[in-house]
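The values are calculated or read from the model by the stated rules, or taken from the named source; none is laboratory data. The shown structure was predicted, so the numbers you read here are calculated from the model rather than taken from an experiment. Positions of Cβ are backbone-derived with ideal geometry, glycine not excepted, and every protein chain shown enters the neighbour counts. Just the protein is used for accessible areas: all its heavy atoms, side chains included, with ligands, DNA and RNA removed. Shrake-Rupley method; radii C 1.70, N 1.55, O 1.52, S 1.80 Å.
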Amino acid sequence: MNYSENICSKRFGICDFGQQNPANQIVGSLRDFVKVIFLRAGGRASVDFTELAIVQDGLLFVNAGQFLWLSDNTEGSILYYNEELYGVHLHEQAMACDKMLFSDFREVSFIKLNPESFGVIYRLFEQIRDEISQDDLNLEEMVRVLLKQVIIKSARFYNHQLQPTQLPEAPASCFATLFTQLVERNFLKYHDVASYANMLNISSKALNKRVGKYSRSSPSEIIKRRIILEAKRLLIYTQLSVKEVSHKLGYEDPYYFTRFFSRQVKIPPQTFRMQLQNNMSAVA
(Lines give C-alpha, C1' and ligand atoms only; values in the text may rest on other atoms or scores of the structure.)
Protein backbone atom coordinates (compact mmCIF):
# COMPACT_ATOMS: atom_id res chain seq x y z
CA MET A 1 0.00 0.00 0.00
CA ASN A 2 1.18 3.52 -0.77
CA TYR A 3 0.52 5.35 2.49
CA SER A 4 0.98 8.73 0.80
CA GLU A 5 -2.26 8.33 -1.15
CA ASN A 6 -5.41 9.86 0.37
CA ILE A 7 -3.72 10.20 3.74
CA CYS A 8 -4.66 13.85 4.19
CA SER A 9 -8.37 13.07 3.93
CA LYS A 10 -8.21 11.05 7.17
CA ARG A 11 -8.36 12.28 10.75
CA PHE A 12 -6.20 9.45 12.06
CA GLY A 13 -4.47 6.24 11.08
CA ILE A 14 -1.62 3.84 11.72
CA CYS A 15 1.06 2.68 9.30
CA ASP A 16 4.21 0.58 9.43
CA PHE A 17 7.59 1.39 7.98
CA GLY A 18 10.85 -0.48 7.42
CA GLN A 19 13.21 -1.52 4.66
CA GLN A 20 10.35 -2.51 2.34
CA ASN A 21 8.45 0.70 3.07
CA PRO A 22 10.97 3.42 4.04
CA ALA A 23 9.74 5.88 6.64
CA ASN A 24 10.54 8.98 4.66
CA GLN A 25 8.14 7.92 1.91
CA ILE A 26 5.45 8.28 4.59
CA VAL A 27 6.41 11.13 6.92
CA GLY A 28 6.18 13.86 4.28
CA SER A 29 2.45 13.21 3.97
CA LEU A 30 2.03 13.34 7.75
CA ARG A 31 3.52 16.76 8.44
CA ASP A 32 0.20 18.27 9.61
CA PHE A 33 -0.63 15.36 11.91
CA VAL A 34 0.43 14.74 15.51
CA LYS A 35 2.49 11.55 15.57
CA VAL A 36 3.31 8.87 18.14
CA ILE A 37 6.08 6.74 16.64
CA PHE A 38 6.73 3.21 17.94
CA LEU A 39 10.40 2.56 17.07
CA ARG A 40 12.44 -0.62 17.12
CA ALA A 41 16.09 -0.42 18.13
CA GLY A 42 18.42 0.56 15.29
CA GLY A 43 18.40 3.46 12.89
CA ARG A 44 18.31 7.18 13.58
CA ALA A 45 15.76 9.95 13.87
CA SER A 46 15.82 13.74 13.78
CA VAL A 47 13.09 15.92 15.32
CA ASP A 48 13.38 19.65 14.73
CA PHE A 49 17.02 19.17 13.72
CA THR A 50 17.99 17.32 16.91
CA GLU A 51 19.36 13.92 15.95
CA LEU A 52 18.76 10.79 18.00
CA ALA A 53 20.26 7.30 17.69
CA ILE A 54 17.61 4.66 18.39
CA VAL A 55 19.61 2.25 20.57
CA GLN A 56 16.58 0.79 22.36
CA ASP A 57 12.95 0.13 21.47
CA GLY A 58 10.94 3.24 22.31
CA LEU A 59 8.36 5.92 21.58
CA LEU A 60 8.95 9.25 19.87
CA PHE A 61 6.44 12.11 20.08
CA VAL A 62 6.23 14.62 17.24
CA ASN A 63 3.85 17.57 17.05
CA ALA A 64 2.14 18.75 13.89
CA GLY A 65 4.52 20.92 11.89
CA GLN A 66 7.70 19.71 13.56
CA PHE A 67 10.52 18.63 11.28
CA LEU A 68 10.85 14.82 11.25
CA TRP A 69 13.37 12.61 9.52
CA LEU A 70 13.90 8.86 9.96
CA SER A 71 16.76 6.90 8.40
CA ASP A 72 15.79 4.22 5.90
CA ASN A 73 16.97 1.43 8.21
CA THR A 74 14.57 2.53 10.95
CA GLU A 75 11.62 0.19 11.60
CA GLY A 76 8.38 0.73 13.49
CA SER A 77 4.87 2.13 13.31
CA ILE A 78 3.41 5.63 13.19
CA LEU A 79 0.14 6.43 14.92
CA TYR A 80 -1.01 9.75 13.49
CA TYR A 81 -4.03 11.95 14.20
CA ASN A 82 -5.12 15.54 13.82
CA GLU A 83 -5.55 17.78 16.83
CA GLU A 84 -9.32 17.96 16.43
CA LEU A 85 -9.69 14.22 17.02
CA TYR A 86 -7.94 14.31 20.35
CA GLY A 87 -7.47 17.80 21.76
CA VAL A 88 -11.08 18.93 22.07
CA HIS A 89 -11.96 15.90 24.17
CA LEU A 90 -9.09 16.04 26.67
CA HIS A 91 -9.83 15.88 30.36
CA GLU A 92 -7.41 17.41 32.87
CA GLN A 93 -5.14 14.37 33.32
CA ALA A 94 -4.83 13.71 29.60
CA MET A 95 -4.15 17.41 28.92
CA ALA A 96 -1.28 17.44 31.41
CA CYS A 97 0.20 14.28 29.88
CA ASP A 98 -0.16 15.65 26.37
CA LYS A 99 1.71 18.85 27.30
CA MET A 100 4.47 16.78 28.90
CA LEU A 101 5.14 14.76 25.76
CA PHE A 102 4.47 17.26 22.96
CA SER A 103 6.21 20.61 23.13
CA ASP A 104 8.38 22.77 20.90
CA PHE A 105 10.30 23.95 23.99
CA ARG A 106 11.37 20.61 25.43
CA GLU A 107 14.17 18.36 24.38
CA VAL A 108 13.10 15.53 22.06
CA SER A 109 10.65 13.31 23.97
CA PHE A 110 11.90 9.75 23.48
CA ILE A 111 10.72 7.09 25.91
CA LYS A 112 12.83 3.96 26.24
CA LEU A 113 10.69 0.86 26.58
CA ASN A 114 11.61 -2.14 28.70
CA PRO A 115 10.00 -5.53 27.89
CA GLU A 116 6.99 -4.79 30.13
CA SER A 117 6.26 -1.29 28.83
CA PHE A 118 6.97 -2.47 25.28
CA GLY A 119 4.21 -5.05 25.68
CA VAL A 120 1.76 -2.45 26.99
CA ILE A 121 2.30 -0.08 24.06
CA TYR A 122 2.43 -2.89 21.48
CA ARG A 123 -0.97 -4.18 22.60
CA LEU A 124 -2.50 -0.68 22.45
CA PHE A 125 -1.15 -0.14 18.93
CA GLU A 126 -2.58 -3.51 17.87
CA GLN A 127 -5.97 -2.63 19.39
CA ILE A 128 -5.99 0.65 17.47
CA ARG A 129 -5.01 -1.17 14.28
CA ASP A 130 -7.84 -3.66 14.83
CA GLU A 131 -10.39 -0.90 15.48
CA ILE A 132 -9.41 0.94 12.30
CA SER A 133 -9.89 -2.26 10.30
CA GLN A 134 -13.46 -2.55 11.65
CA ASP A 135 -14.52 0.84 10.26
CA ASP A 136 -17.84 0.95 12.12
CA LEU A 137 -19.91 3.84 13.50
CA ASN A 138 -18.06 3.86 16.84
CA LEU A 139 -14.60 3.78 15.27
CA GLU A 140 -13.58 7.35 16.09
CA GLU A 141 -14.66 7.18 19.73
CA MET A 142 -12.88 3.86 20.26
CA VAL A 143 -9.67 5.18 18.70
CA ARG A 144 -9.92 8.29 20.88
CA VAL A 145 -10.22 6.17 24.04
CA LEU A 146 -7.24 4.00 23.09
CA LEU A 147 -5.20 7.04 22.09
CA LYS A 148 -5.75 8.58 25.52
CA GLN A 149 -4.44 5.37 27.05
CA VAL A 150 -1.32 5.56 24.89
CA ILE A 151 -0.69 9.18 25.95
CA ILE A 152 -1.35 8.69 29.67
CA LYS A 153 0.65 5.47 29.96
CA SER A 154 3.49 7.00 27.95
CA ALA A 155 3.59 10.00 30.30
CA ARG A 156 3.88 7.61 33.25
CA PHE A 157 6.75 5.79 31.57
CA TYR A 158 8.37 9.15 30.81
CA ASN A 159 8.12 10.28 34.44
CA HIS A 160 9.75 7.05 35.60
CA GLN A 161 12.53 7.61 33.07
CA LEU A 162 13.32 11.13 34.33
CA GLN A 163 15.83 11.70 37.09
CA PRO A 164 14.42 13.35 40.27
CA THR A 165 16.25 16.59 39.42
CA GLN A 166 14.49 16.70 36.01
CA LEU A 167 10.97 16.62 37.42
CA PRO A 168 9.37 20.10 37.29
CA GLU A 169 8.26 21.92 40.42
CA ALA A 170 4.60 22.90 40.26
CA PRO A 171 4.91 26.72 40.55
CA ALA A 172 7.81 26.81 38.10
CA SER A 173 5.96 24.56 35.70
CA CYS A 174 2.91 26.85 35.68
CA PHE A 175 4.94 29.99 35.05
CA ALA A 176 7.15 28.31 32.45
CA THR A 177 4.08 27.03 30.64
CA LEU A 178 2.54 30.52 30.61
CA PHE A 179 5.73 32.09 29.29
CA THR A 180 6.27 29.50 26.55
CA GLN A 181 2.61 29.80 25.53
CA LEU A 182 3.08 33.55 25.15
CA VAL A 183 6.19 33.02 23.06
CA GLU A 184 4.43 30.43 20.90
CA ARG A 185 1.55 32.80 20.18
CA ASN A 186 3.63 35.93 19.65
CA PHE A 187 7.14 35.09 18.42
CA LEU A 188 6.31 36.14 14.86
CA LYS A 189 5.56 39.66 16.11
CA TYR A 190 7.60 40.19 19.27
CA HIS A 191 11.30 39.31 19.42
CA ASP A 192 12.31 41.06 22.65
CA VAL A 193 12.08 40.15 26.33
CA ALA A 194 10.45 43.48 27.28
CA SER A 195 7.33 42.75 25.23
CA TYR A 196 6.73 39.47 27.07
CA ALA A 197 7.47 41.06 30.44
CA ASN A 198 4.78 43.64 29.68
CA MET A 199 2.28 40.90 28.88
CA LEU A 200 3.05 39.29 32.23
CA ASN A 201 2.93 42.64 34.06
CA ILE A 202 6.44 42.26 35.44
CA SER A 203 9.78 43.88 34.65
CA SER A 204 12.26 42.35 32.24
CA LYS A 205 14.62 41.83 35.17
CA ALA A 206 11.95 39.93 37.11
CA LEU A 207 11.13 37.79 34.08
CA ASN A 208 14.79 36.92 33.61
CA LYS A 209 15.11 36.05 37.28
CA ARG A 210 12.01 33.83 37.42
CA VAL A 211 12.79 31.95 34.24
CA GLY A 212 16.49 31.69 35.05
CA LYS A 213 15.73 30.17 38.44
CA TYR A 214 14.09 27.10 36.90
CA SER A 215 15.45 26.93 33.37
CA ARG A 216 18.84 26.44 31.76
CA SER A 217 17.77 29.01 29.14
CA SER A 218 17.08 32.71 29.60
CA PRO A 219 13.87 34.28 28.20
CA SER A 220 15.91 35.81 25.39
CA GLU A 221 17.39 32.43 24.48
CA ILE A 222 13.94 30.80 24.49
CA ILE A 223 12.55 33.49 22.16
CA LYS A 224 15.54 33.25 19.82
CA ARG A 225 15.38 29.46 19.79
CA ARG A 226 11.72 29.50 18.78
CA ILE A 227 12.38 31.99 15.97
CA ILE A 228 15.31 29.97 14.67
CA LEU A 229 13.31 26.76 14.83
CA GLU A 230 10.55 28.28 12.71
CA ALA A 231 13.13 29.68 10.29
CA LYS A 232 14.66 26.21 9.85
CA ARG A 233 11.24 24.65 9.27
CA LEU A 234 10.38 27.25 6.63
CA LEU A 235 13.72 26.80 4.90
CA ILE A 236 13.25 23.03 4.69
CA TYR A 237 9.49 22.67 4.23
CA THR A 238 8.89 25.56 1.81
CA GLN A 239 10.39 27.10 -1.29
CA LEU A 240 10.25 30.59 0.22
CA SER A 241 13.25 32.77 -0.44
CA VAL A 242 15.34 33.97 2.50
CA LYS A 243 13.74 37.40 2.07
CA GLU A 244 10.25 35.87 2.24
CA VAL A 245 11.19 33.79 5.30
CA SER A 246 12.48 36.91 7.07
CA HIS A 247 9.24 38.79 6.39
CA LYS A 248 7.15 35.83 7.56
CA LEU A 249 9.09 35.85 10.83
CA GLY A 250 8.45 39.55 11.38
CA TYR A 251 11.76 40.99 10.18
CA GLU A 252 11.42 43.95 7.83
CA ASP A 253 15.11 43.90 6.96
CA PRO A 254 16.18 40.52 5.43
CA TYR A 255 19.83 41.41 5.95
CA TYR A 256 19.26 41.81 9.69
CA PHE A 257 17.50 38.42 9.73
CA THR A 258 20.36 36.80 7.81
CA ARG A 259 22.89 38.17 10.32
CA PHE A 260 20.72 36.99 13.23
CA PHE A 261 20.34 33.49 11.75
CA SER A 262 24.06 33.29 10.94
CA ARG A 263 25.01 34.23 14.52
CA GLN A 264 22.70 31.61 16.00
CA VAL A 265 23.29 28.74 13.55
CA LYS A 266 26.88 29.64 12.48
CA ILE A 267 25.97 29.49 8.78
CA PRO A 268 23.72 31.67 6.56
CA PRO A 269 20.10 30.56 5.91
CA GLN A 270 20.63 29.51 2.29
CA THR A 271 23.72 27.48 3.21
CA PHE A 272 21.73 25.76 5.98
CA ARG A 273 18.99 24.85 3.48
CA MET A 274 21.44 23.41 0.95
CA GLN A 275 23.53 21.51 3.50
CA LEU A 276 20.56 19.87 5.21
CA GLN A 277 18.95 18.87 1.92
CA ASN A 278 22.24 17.38 0.74
CA ASN A 279 22.82 15.55 4.04
CA MET A 280 19.32 14.08 4.07
CA SER A 281 19.74 12.84 0.50
CA ALA A 282 23.15 11.33 1.25
CA VAL A 283 22.21 9.35 4.37
CA ALA A 284 18.58 8.40 3.62
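Close Cβ contacts (under 8 Å, 6 or more residues apart or on different chains) running from residues in the range 132-146 that are within 15 Å of N82 (Cβ to Cβ) and touching a residue at least 40 places away in the same chain (Cβ under 8 Å) to residues that are part of a loop (DSSP other than H, G, I, E, B) and open to solvent by 60 Å² or more (accessible area, probe 1.4 Å) comprise E140/R11. Can you find a residue that is modelled with pLDDT under 85, out of contact with any Phe, Trp or Tyr (no Cβ under 9 Å at 6 or more places or on another chain), under 21 Å from V143 (Cβ atoms) and assigned to a helix (DSSP H, G or I) anywhere in the range 20-34? The answer is no, given that none of the residues of the range 20-34 is modelled with pLDDT under 85, out of contact with any Phe, Trp or Tyr (no Cβ under 9 Å at 6 or more places or on another chain), under 21 Å from V143 (Cβ atoms) and assigned to a helix (DSSP H, G or I). Say whether the condition of being modelled with pLDDT of 85 or more, farther than 20 Å from N63 by Cβ and open to solvent by 60 Å² or more (accessible area, probe 1.4 Å) is met by at least one residue in the range 142-151. Within the range 142-151, one or more residues are modelled with pLDDT of 85 or more, farther than 20 Å from N63 by Cβ and open to solvent by 60 Å² or more (accessible area, probe 1.4 Å). The set of residues in the range 22-39 being of a type outside the set (A, V, I, L, M, F, W, C) and more than 16 Å from the chain's Cα centre (by Cα) consists of P22, N24, Q25.
Only one of the listed residues (A41, A64) is in a loop (DSSP other than H, G, I, E, B), within 17 Å of E83 (Cβ to Cβ) and either at pLDDT 90 or above or open to solvent by 30 Å² or more (accessible area, probe 1.4 Å) (or both). That residue is A64.
Here F157 meets the list (1) aromatic (F, W, Y); (2) open to solvent by 40 Å² or more (accessible area, probe 1.4 Å); (3) modelled with pLDDT of 90 or more almost entirely, failing just condition (3).
Residues of the range 233-247 that are touching an Asp or Glu at 6+ places or on another chain (Cβ under 8 Å) and either modelled with pLDDT of 95 or more or under 22 Å from S195 (Cα atoms) (or both): S246 alone.
Within the range 180-214, the set of residues being farther than 19 Å from I228 by Cα, touching a residue at least 12 places away in the same chain (Cβ under 8 Å) and assigned to a loop (DSSP other than H, G, I, E, B) comprises L200 only.
The C-beta contact set for the range 251-277 (first residue small (G, A, S), second residue modelled with pLDDT under 95 and in a helix (DSSP H, G or I), distance under 8 angstrom, 6+ apart or interchain) is empty.
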